[in-house]
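Each remark here refers to the structure printed beneath this line.
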Amino acid sequence: MDKNVWSKAVKDTSGLKTFYETIKENYKYGPRVEAAIYSYKDENTFKTLQKILKKAPKKGYTPEKICSMINKDSIPAITYQILKVEQGANPLIDKTTWTKNHYSVYPETNGSKLVYIINLLDPEPKPLNEVKGLVTAEYQNYLEQQWITELRSKYTWQVDENVLKSIIYNNPICEIE
């Protein structure tokens, strides 16, 4: 079992990748969103950000470009983080309406956050590195079934009824009705 199933599934990376390609539709993300979360401290920065975000879809501004347009000092007035998440993964993104180019503002004690929906993402297969444990377990089951099929075609077998009955009747744990 170790040689033909367990170790093989772990060591055979190309076999695992090939197997993953055949079953990747079983491991999909749900509907997701790509969003930028901007953090800023003052009202002037918010107004500038708001103006730029209105132009962003037509001009093709990226969050990096937007921040570079606002941050003129060595101390940044605004920072951002881009996330691709399913519903339930981030409370701020969950509170925001999932409409492309929509944003919502969330005041905090030392500044505010603005969540901007960049794109809506359709369900797609998760990459192998995110589901490797599950795929490896499924690959082990697959290898085991292949090995058993190979053994059954190579060797004949039969159950010796007398030995089976002697095990059952001579075992105090087994209850015979």
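Backbone geometry of the range 67-74 corresponds, through the Karplus equation with coefficients 6.51, -1.76 and 1.60 at θ = phi - 60°, to 3J(HN,Hα) couplings of 5, 5, 6, 8, 7, 10, 9, 6 Hz, x marking Gly and Pro. Per-residue Karplus couplings for the range 98-103, computed as 6.51 cos²θ - 1.76 cosθ + 1.60 with θ equal to phi - 60°, are listed in order as 7, 10, 4, 6, 9, 9 Hz, Gly and Pro entered as x.
A Förster distance of 35 Å, applied to the separation of the beta-carbon atoms of A137 and K55, puts the FRET efficiency at 0.10.
Quote the convex hull volume per residue of the range 1-64, based on C-alpha atoms, as a whole number of Å³. If you can, show how the numbers build up before the last one.
Working: hull volume 12.6 nm³, N = 64.
Considering the Cα atoms of the range 1-64, their hull volume per residue is 197 Å³.
Positive-end ranking of W147, Q87, P63 along the dipole of the chain, with charges on Cβ about the Cα centre, is headed by P63.
With semi-axes defined as the square roots of five times the eigenvalues of the C-alpha gyration tensor, the equivalent ellipsoid of the chain measures 60, 19, 14 Å, largest first. Modelled spin labels at Q146 and K72, positioned 7 Å past Cα toward Cβ, are 6.4 nm from each other. The alpha carbon centroids of the range 56-109 and the range 1-54 are separated by 19 Å. Counted over all Cα-Cα pairs of the range 56-157, pairs farther apart than 20 Å make up 62 percent.
Quick one: net charge around V5, please, counting Lys, Arg +1 and Asp, Glu -1 for every other residue with C-beta under 14 Å from its C-beta. Mind dumping the intermediate values first?
Working: positive: K3, K8, K11; negative: D2, D12, E138, E144, E150.
Neighbourhood net charge equals -2.
Among 52-65, 28-41, how do they line up by average Cβ neighbours within 10 Å per residue, starting with the highest?
Values: 52-65: 13.3, 28-41: 17.7.
Sorting 52-65, 28-41 by mean packing, highest first, produces 28-41, 52-65.
Charge tally around I118: other residues with Cβ under 10 Å, Lys/Arg +1 each, Asp/Glu -1 each, net +1.
3J(HN,Hα) couplings calculated from phi for the range 117-130 with the Karplus curve 6.51 cos²θ - 1.76 cosθ + 1.60 (θ = phi - 60°) are, in sequence order, 7, 7, 7, 9, 10, 6, x, 8, x, 6, x, 4, 4, 7 Hz; Gly and Pro show x. Solvent-accessible area per residue in the chain equals 70 Å², computed with a 1.4 angstrom probe and all protein chains kept. For Y27, the amide hydrogen comes within under 5 Å of the amide hydrogens of K126, counting only partners 5 or more places away or on other chains and with H modelled in the peptide plane. Placing +1 on each Lys and Arg Cβ and -1 on each Asp and Glu Cβ, with no other charges, gives the range 46-166 a dipole about its Cα centre of roughly 1160 debye.
The values are calculated or read from the model by the stated rules, or taken from the named source; none is laboratory data. Please read these numbers as outputs of a predicted model, since none were measured by experiment. Virtual Cβ from ideal backbone geometry, glycine too; neighbours counted across all protein chains shown. These area figures cover heavy atoms from the full protein model, side chains too; ligands, DNA and RNA do not enter into them. Shrake-Rupley method; radii C 1.70, N 1.55, O 1.52, S 1.80 Å.
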